[in-house]
Amino acid sequence: MRMYDIIEKKKHGLALTRDEIFDLIEEYTAGNIPDYQMSAFLMAVYFRSMTDEEIFDLTEAMATSGDIINLSEFGDRSVDKHSTGGVGDKTTLIVAPIVAAAGGIVAKMSGRGLGHTGGTVDKLETFDGFRTSLSPEDFSAQVQKYGIAVIGQSANLAPADKKLYALRDVTATVDSIPLISSSIMSKKLAAGTRSIVLDVKCGSGAFMQTANDARALAEMMVKIGKAHGRNTAAVITNMDVPLGHAIGNALEIKEAVDVLCGKGPEDLRTVCLTLASLMIELSCSIPADKAREMAREILESGKAHAKFCEWIEAQGGDPAAAKDTSLLCTAKHVKKICAESDGYMLSCNAAAIGTAACVLGAGRQTKDDVIDHSAGIILLKKPSDFIKKGEVIAELHTNRTGTVAEAEAILRSAFTFSCDKVEPQKLIYEIVN
Ligand code: URA
């Protein structure tokens, strides 16, 4: 294979063969193709796209570039969920125990926060002692015993994607549907579950800003999953506005536990029940309406909360804090942000809210930043709410008082208001399966 010829071929919009794609990925992962040539190739893909067949092959080549987790002992019951990333997205904390309590096997690798978006692994580390890294033997034993384990991504899972993603990040080639879909699905295929449910976020806080782009990404990922023999479905959900009211690690854990205890915000509960139902439907092979009923019963009866407490304890976390969230860490300073005039909230830019939470310490602004698990934002008002002058719209929680002025400015820039009544936004746009 001559890399020059591959770039030339893609530059002219021609399809690569399976052998060419596998060679390309193998040679790049081994360090035999320089980044400048791979960058040129990625840019050619960005402009010329790929055929479905090329995308399936690229995904498989990246998935098989490292370890493949073997979950075959669980038959059809193993199931994974992936979110394309959002603000206030604590759905895994709620959905995973619902599905495990229904008999699904949730053996999952999750990520850390990235940019303005939060990550499940950071959230789980709010629990003192929680281990986000388990040996393969401990991971397997925990999944056998409890039906649930969530850890950080192993270093050798789809290493080709890891290297390519870092390059895409600095060559303006992230936002390409063939490249995003193959990147996400390579990790899902390597993670080994029989079923995969994708939460494709759409709106100001998401990669995909429009419904059309979100649908195209969802459809492509479902096609990739099916082409590789996995039961795959996707839900397109609103990320124009943060999900729920809490943004920040301990604050989100508390909100997730509220939902598990039958309280908490309706939008979060609805998205979680939709995702959990699909996961139960696929992993337990039962019809959609029965799966939905089952998910609701498990949530309302307290079985999901009991499974959550069992899971946190099994991974070394403090089970007392899973039962009583007043034991979680809290920030020393809480600043209330009040409305400057009467009006309806028109929009609440999720990316800006996520950035403000990062500034307060809830996320990393550089790779080496240390997270303050107690920091974050509580949104007391959301779009379509009527707000009176002086009413509290949001609370800023932090231990780093020097960050408050900047976070407040970013937060205020996130909101727009209207004198006219505002209709609530759609929460779930579509299910693709
Ligand atoms: N998440 C991924 O894992 N890959 C992408 O390309 C985009 C988001």
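The values are calculated or read from the model by the stated rules, or taken from the named source; none is laboratory data. This one's a predicted model, so the numbers in the text were calculated from it and none came from an experiment. Cβ atoms come from the backbone with ideal geometry, glycine included; neighbour counts cover every protein chain shown. Note: areas computed on protein heavy atoms with side chains; ligands, DNA, RNA excluded. Shrake-Rupley method; radii C 1.70, N 1.55, O 1.52, S 1.80 Å.
A few points about this structure:
- When the pairs 226/426; 188/307; 163/367 are compared against a 22 Å limit on Cα-Cα distance, 226/426; 188/307 fall above it.
- Tilt relative to the chain, helix 18-29 - C-alpha long axis, 0 to 90 degrees, to 10: 60
- Compactness ratio for the chain: Cα radius of gyration over 2.2 N^0.38 Å (N = residue count) comes to 0.98.
- Portion, in percent, of the accessible area of the chain that falls on carbon or sulfur, probe 1.4 Å: 52
- Rounded tilt (10° steps) of 52-63 against the dominant C-alpha axis of the chain: 80
- Applying 1/(1 + (r/R0)^6) with r as the Cβ-Cβ distance of residue 409 and residue 5 and R0 = 60 angstrom yields a FRET efficiency of 0.70.
- Every Cα-Cα pair of the stretch 325-369 was included, and the share exceeding 14 Å stands at 70 percent.
- Per residue, the accessible area of the chain comes to 41 Å² when a 1.4 Å probe rolls over the protein heavy atoms.
- Taking all protein chains together, 341, 78 sort by accessible area into 341, 78, largest first [probe 1.4 Å].
- Rounded to 10°, Cα long-axis angle of helix 211-227 versus longest principal axis of the chain: 50
- Calculated mean residue ellipticity at 222 nm for the chain: -14500 deg cm²/dmol, from DSSP H runs with n ≥ 4 weighted as -39500 (n - 2.57), summed, divided by the residue count and rounded to 500.
- Anchor residue 389: lysines whose Cα lies under 21 Å away (excluding residues fewer than 8 positions away in-chain): 335, 336, 381, 421
- Using R0 = 41 Å, the C-beta based FRET efficiency linking residue 326 and residue 171 works out to 0.30.
- The relative contact order of the chain comes to 19 percent, based on Cα pairs under 8 Å that sit 6 or more residues apart.
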